[in-house]
Amino acid sequence: RLHLRGLRPGGLGGALRFIGISHRIHWLSGLLSRVQGNWWRYNICQHLVGTAFAAKVLASRLTDHDAPAALEAQAIVALLETGADKARKLARGLLISEIKPNELGERLAQLATEAQRAGVACRFTEQGKIALLHSDAAAQLFRIAQEAVRNALRHAAPLHIEILLTRHPKAISLTVTDDGRGLPPPGQRGAGMGLRIMAQRATYAGGTFSVGPHRVHGTRIHCYLPLNSPVA
């Protein structure tokens, strides 16, 4: 969010240019996600489905001949079908551009379920009725939570992840915490774009973003979105 107090002459033009750049970054980020989602859908998913079909044919032939390898082939079929299902879910997540406000809680619950399948205890909690939220803002909150969970699974090796969506009198907040390794000191962090993109999404939605340690160890990511922001 921009603070216009104390702007020098011409400073407002710079602020407006910043807003324009923020909007373009958001648009490009969404475009990239859609391109990646379509690539997964039309390439990886179809490849896995085709491979699973070929493996089914092979398993059927081996079964007809009572070959000892028939059970192994059937196991390979099951693995391929599981991989295809996971690829389809990944593609659907990447293709999300808007979420109906009343679907945000459901989507976050699904995100928690997917994290549990990865072997981590993940819980989603919704406090208060989430309403008066624009679909684009809902999508931004979901993307922030999605990226936070993925970062935790990829880098932090947590045992627990908590996703909390809270309705305040004049705002909505999203908090994602984990009990993993935590963030390295600022000077030792890599050049990854995850945190930057999350912060950019929060700014685009008219909210604020913060990241820091959670209790003794772990990470806490927090997004606060006033309901009177232009996007909310």
For this session: Measure off, as a whole percent, the carbon and sulfur share of the 1.4 Å-probe accessible area of segment 103-153, all protein chains present.
Result: 46 percent
For this session: Note down the accessible area of E147, probe 1.4 Å, to the nearest 10 Å².
Result: 50 Å²
For this session: Evaluate the distance, in nm, between pseudo-label points positioned 7 Å from the Cα of L159 and of K56 along their respective Cα→Cβ axes.
Result: 4.2 nm
Problem set entry | Spacing of the two label points (7 Å from each Cα toward its C-beta) at N228 and T125, in nm | 2.9 nm
Problem set entry | Set of aspartates and glutamates with alpha-carbon distance to K129 below 18 Å, sequence-local pairs under 8 removed | E103, E106
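The values are calculated or read from the model by the stated rules, or taken from the named source; none is laboratory data. Since the structure is predicted, the reported quantities are computational estimates derived from the model, not experimental observations. FYI the Cβ positions are ideal-geometry reconstructions off the backbone, even for glycines, and counts take in every protein chain you see. Keep in mind that these areas ignore ligands, DNA and RNA; they rest on the heavy atoms of the full protein, side chains included. Shrake-Rupley method; radii C 1.70, N 1.55, O 1.52, S 1.80 Å.
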